[in-house]
Each structure stands twice: as C-alpha cells, then as structure tokens.
Amino acid sequence: METAIAFLGMVLPLTLSPGPATIALAGLGMRSGVVAAIPFYTGMMASCAVIALAAAFGLNELFLASPLAYDTVRYLGIAYIVYLAVRIFRSAPPVEGTVVRLYGLRDGLLLSVLNAKYYVVVSAVFSQFLLPGADSNGLVVAALITLVALSQAVWLVAGAGLRPLMRSPLAFRIQSLVFSVSLLGVAVYLLLRN
C-alpha cells in the first residue's frame, strides 16, 4: 500500500503538470471539442505506451549513454512544439455547426515521441519503481500508461468544458493567442534549461 501511495504521489503531479501535451490537449478540447480531439489523443496515448514499454526494456539506457540521442529528440520536440503553436495561432475560427480537426493522429504520435518531458517522467518513475526481474514490473508500466491517459484526458475535457466561452471571434483569437504563447513559453523553457 505504501508503494502505491508513493507511486501515485510521484506520477500524478508529473502527469498533471502543464507541458506541451497538456497545453495542446486543453487548447484542442476548447477549440474543437472532445470528439474531434480523439485522433490526436489516440496518437499521443499510442506513442506514450510504446515509449513506456521501450523504456521498461532499456530505451532509457540509450539516452543515458548518448546525450546526442536525447538532445536530438529534445530539439526536434522543441521545433515541433513551435510548429504546433504557429498552427494554433494561424487557425481560423470554426464555422458554426462544423467540426474542426486542428490536429490528427499523426500530430499526437509526433508530439509524444518528441516530448522530452515524457521521457523524463518515464525515467524518473521507472528508476524508482521498476525492480530488475520483479513480477510487479508489468503492473508498474500498465499503471503509468493508465495514469498518463487519465491525466491527459482531464486536460482535454477541461479544455472542452471551456468551449462555450469561445463563441465569438474575439474570444477565439484570445484563446489562440493564449495557447500559442503558452506553447511557445514551454518551447523556450525547454530550450533554455540544461
């Protein structure tokens, strides 16, 4: 029971804290609603699951052994976050009665694969809770993937809950600006930190 409490105490703050994925999901939920965001969310969760499984089998060792590999993912991720911010900023307000699919499955896959924060979260959690040869390792991996999925869904649904506030073109522009600047802020933070 103590291990479960420690696991939740570590994972929930890490997965619920703002980052590129959570900001993109909240913005997409606000702009397009939950249903239109499902392809993006599915892509994110699919790549998160693959990354978690790969990390459990040693992907983290690659990043520890090769700072160049980690930096490559990090800088590509920063560039992709900037690209997403520009897409949000440049998008047009939705026409009443239409579904806007700003991001799709591929975008969700790419954001997660290039999200250095996720690799750090996985490394931090697995370094504390995966034990060599332990029968519980599969449960740890499954629990992390599940909590990431739930945490990301919270941001998506919260953003969608704010959707009624975005009816006017001015509100839409303000929302576009806020989420674009937020993503750019994350990109700058990631670029400046070591």
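The values are calculated or read from the model by the stated rules, or taken from the named source; none is laboratory data. In this text, all values refer to a predicted model and were calculated from it rather than measured experimentally. Here Cβ is always computed from backbone atoms with ideal geometry, including for glycine, and neighbour counts include all displayed protein chains. Each accessible area value is taken on the protein alone, full model and side chains, heavy atoms only, with ligands, DNA and RNA left out. Shrake-Rupley method; radii C 1.70, N 1.55, O 1.52, S 1.80 Å.
For the range 81-194, with all protein chains present and a 1.4 Å probe, just round the carbon and sulfur fraction of the accessible area to a whole percent.
Numbers: 4490 of 6310 Å².
Its accessible area is 71 percent carbon and sulfur atoms.
Calculated mean residue ellipticity at 222 nm for the chain: -26500 deg cm²/dmol, from DSSP H runs with n ≥ 4 weighted as -39500 (n - 2.57), summed, divided by the residue count and rounded to 500. The residues neighbouring Ile78, those whose beta-carbon lies less than 14 Å from its own, together hold a net charge of +2 under the Lys/Arg +1, Asp/Glu -1 convention. Across the range 135-142, coupling constants 3J(HN,Hα) worked out from phi with the 6.51/-1.76/1.60 Karplus curve, θ = phi - 60°, read 5, 7, 4, x, 5, 4, 5, 4 Hz, and Gly and Pro carry x. Net charge of the neighbourhood of Ala116, taken over other residues with C-beta under 12 Å away and scored Lys/Arg +1, Asp/Glu -1, is +2. Here the chain is assigned +1 on the Cβ of each Lys and Arg and -1 on the Cβ of each Asp and Glu. Its dipole about the Cα centre then comes out at about 800 debye.
Karplus-derived 3J(HN,Hα) values for the range 105-115, using 6.51 cos²θ - 1.76 cosθ + 1.60 with θ = phi - 60°, are 4, 4, 5, x, 4, 5, 4, 5, 5, 9, 8 Hz; glycine and proline are entered as x.
If the range 81-194 were replaced by its equivalent ellipsoid, with semi-axes equal to the square roots of 5 times the Cα gyration tensor eigenvalues, what would those be, largest first, whole Å? The partial results should precede the final answer.
Values: eigenvalues 227, 62, 27 Å².
Semi-axes from the Cα gyration tensor: 34, 18, 12 Å.
Working note: Karplus 6.51/-1.76/1.60 with θ = phi - 60° gives the range 147-163 the couplings 5, 5, 4, 5, 4, 5, 5, 4, 5, 4, 5, 4, x, 5, x, 8, 4 Hz, where Gly and Pro are set to x.
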